[in-house]
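A quick write-up on the structure given underneath.
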Amino acid sequence: MSRKAIVAITSSLFVVLVAFYNLSMDKLSKDQIQLNKANKMIDEHMPEFARRFFNDKKQTFKASSYYAYALELKEFFDYLGTTSYDIDKMKISDMGKITPEVIEEYVEYLRSATVNGKPKVSSDQTLKRKLCALSSFFDYYFEEDFIAFNPLLKVNRPIVSPHPPAGSNMQDNIKLLEYVSDGDLPFKNMIRYQNKLRARDTAILALIIGAGIKSSECVELNISDVDMEHNYLVIRSRREPNQVYFSPYIAEVLSVYLTKRLELITVYGHDDALFLSLQMKRLGIRSIEKMLKKYSSLLFGDENNIRARDMRNSFKKNTFTQAKNIFITSEITGTATSTLLRSYSPYLDYYESEKGKDFDPNKL
C-alpha cells in the first residue's frame, strides 16, 4: 500500500473519530449541564451532609432526575433558612429536630407563596411531587440510621383524584392538522419556511394524532424504522421495540415526506434520522413543541396552545374508550399498565358493573 493511500485512510479514520466524539459530547454536555447546575445548588443552598444523599443517588438517577431532586430540596432548605435554621451550620443531627409540624408549615408556605402574582404551587399533583422528593431525602437518612424517623410519614399528602389526563379535543386536532397540511401562515417570510417544512410538519402531526406516538419517540425515529410496505413504524425507545401500525392516510403523508427527505444531504451522523431540522440535523423535542405552539396559537389564539402531550392523551383516551381494556390500550399506546390503572380504574369499575345488564336470551 502506498504512502498516499495510508495517509488518506488515516485522515478518513480521524474525521470519523472526531465526528463520533462530537456527537457523544453533544449528548454528554446536556447531562453535564444539568449535573453542574444541580451540584451548584447543593453546594450553595444545602447543608454539607446533603451531599451524602446525592452521592448515593448519582449512580441510579438520570441527570434530569438528579437535577429535579436538587430543585425540590433547594426550595425546602431555602424555606428553612427563613425560619430558625442556619443552613450553613446545620448538621445531620438537626434533621431529627424537623417535626411533622415543620413540614406542615412548609406545605402552607408552598400553598400561599406566589411568583409574579401566580401561585407557586398550581396543583395538588405538584405539591405531592415536592413532598415525595422530600420524603425520599428523609428516608435515606432514616435507613442509614442518622435520624430516628421520617416526619413526612405523619404528614397528610394531597389526594390526587385518579382521572385521565386532559387531552385536546379530537376535532381541534384535526383542524390543526388541516391547517398545517393545507393552510397558509399570515406572513410571506413565514410562508417561505412553511413551504419548506410543510411535508415534514404534516407527517409529524399525523403520527402524533393518528398513531399516538410521543414527541420523544418521533425525534428518535430513523428512516430504517419505517416499513411502508406493511404500514408500520418500529418504536425502539419503549420498554421493548414495538411495531406501531398507521392508517392509509398517514402512509400517504409519510410517503410524500419520505420522497423529499431522501433527497436531502444531512450533517454527518444524522444520515438515518427520519425528521430533520433546517440545519440538516436530527430534529429535537423542543423544535416539535415550538412548531406546535406556532401553528396552534395562530389557529386558536395564544391562550389555547395544543401540545404534543395533549394530542397523545386524546389518542390514549379514545383508544381506551373503544377497547375498554387496559392491556390493549397499553400495547397500542406504549403506556405502562400501572400508569393506566391509576387513571382509568374508576372507568373500568363502571364498565365491569354494567357488564351483562342488557343480557336477555329472549332477545337473541
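The values are calculated or read from the model by the stated rules, or taken from the named source; none is laboratory data. Everything numeric in this text was worked out from a predicted model, so none of it was measured. Ideal geometry is used to build each Cβ from the backbone, glycine not excepted, and the neighbour counts take in all protein chains shown.
Taking segment 238-281 on its own, how many of its residues are within 13 Å of residue 221 (Cα to Cα) and of a type in the set (Asp, Glu)?
So the count comes out to 2.
For the condition modelled with pLDDT of 90 or more and in contact with a helix residue (DSSP H, G or I) (Cβ under 7 Å, 6 or more places away or on another chain), what is the one hit in 274, 258? Step through it out loud before you land on a result.
Working: 258 fails: in contact with a helix residue (DSSP H, G or I) (Cβ under 7 Å, 6 or more places away or on another chain).
Sole residue among the options that is modelled with pLDDT of 90 or more and in contact with a helix residue (DSSP H, G or I) (Cβ under 7 Å, 6 or more places away or on another chain): 274.
Search segment 84-103 for residues that are within 17 Å of residue 48 (Cα to Cα) and pair each with any residue that is of a type in the set (Gly, Ala, Ser) when their beta-carbon atoms are under 7 Å apart and the residues are at least 6 apart or on different chains.
Hits for this filter: 87/81; 96/148.
Condition check: crowded, with 18+ Cβ neighbours inside 10 Å, assigned to a helix (DSSP H, G or I) and modelled with pLDDT of 90 or more. Does residue 152 satisfy that?
Working: crowded, with 18+ Cβ neighbours inside 10 Å: yes; assigned to a helix (DSSP H, G or I): yes; modelled with pLDDT of 90 or more: yes.
Yes; evaluated as a whole, the condition is true for this residue.
So which residues in segment 91-130 are in contact with a Pro (Cβ under 8 Å, 6 or more places away or on another chain), surrounded by 15 or more Cβ atoms within 10 Å (Cβ to Cβ) and not in a helix (DSSP H, G or I)?
98, the sole residue that qualifies.
Just one of the numbered conditions (1) surrounded by 13 or more Cβ atoms within 10 Å (Cβ to Cβ); (2) touching a strand residue (DSSP E or B) at 6+ places or on another chain (Cβ under 9 Å) is not true of residue 224; which one?
Failed condition: (1).
Test each condition in (1) in contact with a strand residue (DSSP E or B) (Cβ under 9 Å, 6 or more places away or on another chain); (2) among the hydroxyl-bearing types (Ser, Thr, Tyr); (3) closer than 21 Å to residue 68 by Cα for residue 106 and report the one that comes out false.
With respect to (1) in contact with a strand residue (DSSP E or B) (Cβ under 9 Å, 6 or more places away or on another chain); (2) among the hydroxyl-bearing types (Ser, Thr, Tyr); (3) closer than 21 Å to residue 68 by Cα, residue 106 is out only on (1).
Take residue 50 and decide whether it is buried (at least 18 other Cβ atoms within 10 Å of the Cβ) and aliphatic (A, V, I, L, M).
Values: buried (at least 18 other Cβ atoms within 10 Å of the Cβ): yes; aliphatic (A, V, I, L, M): yes.
When the stated conditions are applied, residue 50 passes them.
So, in segment 187-215, of the ones that are outside any helix (DSSP H, G or I) and among the hydrophobic types (A, V, I, L, M, F, W, C), which residue ends up nearest to the chain's Cα centre (by Cα)? I'd like the intermediate steps shown before the answer.
First, the residues of segment 187-215 that are outside any helix (DSSP H, G or I): 187, 212-214.
Narrowing further to those that are among the hydrophobic types (A, V, I, L, M, F, W, C): 187, 213.
Details: 187: 32, 213: 12 Å.
Per the criteria, the residue is 213.
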